[in-house]
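Beneath this line is the structure, given in structure tokens, with notes to follow.
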Amino acid sequence: MSDPSPSAPTREGARLIDGTALAKRIRAEVAADVAALRLRGVTPGLAVVLVGDDPASGVYVGAKERASREAGMAGDTIRLPANASQSELLALVERLNRDERVHGILVQMPLPAQIDPDTVIRHIRPDKDVDGFHPVNVGKLLIGHTDGFVPCTPAGVQRMLVEHGVATRGAECVVIGRSTIVGKPMAALLMQAGAGADATVTICHSRTRDLASHTRRADILIVAAGRPRMVTADMVKPGAVVIDVGMNRIADATTASGTRLVGDVDFEGVRLVASLITPVPGGVGPMTIAMLLHNTVRAARRTLDA
Ligand code: NDP
């Protein structure tokens, strides 16, 4: 079976949300903003820190560096060995905090076992925390203050909903997953008052009783569980908007690599029930990097406004 093409309409059922095309548009907007900032003497700078040699993290970090350079930013990856100590990493973060050329700092997760991720996140200056994971930014999101940074994946999902004219106000929105990276900030965004929000939000997780009874109520179903194709057609309300954040690599003997990327949603079945759906790949994934660039430009612009 081939991957779904985000540009082609499905044979029947749901329309596809083309995350690749939308991300491309956002990246072009970011590049224009970068050019304008450079004329004013500021080149937005994104510093990505990678500790160790996890291959998947290496791929993500490479993609972020490439994307930031393509947008005209100063994108730099700083690598530390897998046995780096927590104090070495904290010293690096402090240096980046002080460096005026660096507007955004991202420490790629997961970190080796000897380093506590929360301690590292707390050391990043909140106004350079373009991942939106620092407690100050998490708190601002929950309060509804708009001057913080929103985590990139949920920000990308909200942007997709807005761009596709999905009515969120008063909608029943069910989020599967309660991680600090996706589920919780996603729910916090959608429950806020205002455009692209004002939803009635339910968060489900591994302890939720009768998951399907919740998902079947959803006008908008957002799935971030990390469980390949766990959401099946019978769990989805006809006409629902389904956003699949999941990225799971499964074995597939028919591909050259022997693996294939699938989401948390059984795409083939659910697209026959839903009205709008994101494919995997080509859905939420590309939006995450686009929103990271967007956050970095915001961080750089603030230094002019300060
Ligand atoms: P986590 O593992 O941190 O969180 C998964 C959440 O799903 C947990 O809250 C867990 O519940 C819940 N969950 C797991 N199994 C079930 C189940 N059977 N029923 C209901 N809830 C369940 O993952 P992340 O949030 O970091 O990521 C989720 C997925 O999204 C992954 O596939 C990841 O690769 C992908 N992802 C994609 C991104 C993108 O750019 N497209 C970015 C980030 C993530 P509990 O808390 O009880 O354990």
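Scanning region 201-237 for residues that are β-branched (V, I, T), away from the ligand (no atom under 14 Å from the Cβ) and not in a loop (DSSP other than H, G, I, E, B) returns V201, I220. Across region 189-200, a minimum of one residue is classified as among the hydrophobic types (A, V, I, L, M, F, W, C), away from the ligand (no atom under 11 Å from the Cβ), in contact with a strand residue (DSSP E or B) (Cβ under 6 Å, 6 or more places away or on another chain) and open to solvent by 30 Å² or more (accessible area, probe 1.4 Å).
The set of residues from region 215-247 being open to solvent by 20 Å² or more (accessible area, probe 1.4 Å), touching a Leu at 6+ places or on another chain (Cβ under 8 Å) and under 11 Å from R271 (Cα atoms) comprises just one member, A233.
Each row is one residue, and each column tells you yes or no for (1) of a type in the set (A, V, I, L, M, F, W, C); (2) farther than 21 Å from S206 by Cβ; (3) modelled with pLDDT under 95.
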{"site": "R229", "(1), (2), (3)": "no, no, no"}
{"site": "T232", "(1), (2), (3)": "no, no, no"}
{"site": "G263", "(1), (2), (3)": "no, no, no"}
{"site": "E268", "(1), (2), (3)": "no, yes, no"}
{"site": "V273", "(1), (2), (3)": "yes, yes, no"}
{"site": "P279", "(1), (2), (3)": "no, yes, no"}
{"site": "G282", "(1), (2), (3)": "no, yes, no"}
{"site": "T303", "(1), (2), (3)": "no, yes, yes"}
{"site": "A306", "(1), (2), (3)": "yes, yes, yes"}
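Is there any pair linking a residue in region 74-98 that is over 21 Å from G62 (Cα atoms) to one that is open to solvent by less than 30 Å² (accessible area, probe 1.4 Å) and of a type in the set (K, R), with Cβ under 8 Å and at least six apart or on different chains, and which? Between residues of region 74-98 that are over 21 Å from G62 (Cα atoms) and residues that are open to solvent by less than 30 Å² (accessible area, probe 1.4 Å) and of a type in the set (K, R), the close pairs are N97/K128. Can you pull out the residues in region 167-183 that are in contact with an Asp or Glu (Cβ under 7 Å, 6 or more places away or on another chain) and open to solvent by 50 Å² or more (accessible area, probe 1.4 Å)? Residues satisfying the conditions are R169, G170, E172.
The condition (being open to solvent by 50 Å² or more (accessible area, probe 1.4 Å), among the β-branched types (V, I, T) and more than 15 Å from A290 (Cα to Cα)) is satisfied by just one residue among V59, V49: V59. Within region 154-166, the set of residues being of a type outside the set (G, A, S) and surrounded by 24 or more Cβ atoms within 10 Å (Cβ to Cβ) comprises P154, V157, Q158, L161.
The values are calculated or read from the model by the stated rules, or taken from the named source; none is laboratory data. In this text the structure is predicted, and so the values were computed from the model without any measurement. Ideal geometry is used to build each Cβ from the backbone, glycine not excepted, and the neighbour counts take in all protein chains shown. With ligands, DNA and RNA removed, areas are computed over all heavy atoms of the protein, side chains included. Shrake-Rupley method; radii C 1.70, N 1.55, O 1.52, S 1.80 Å.
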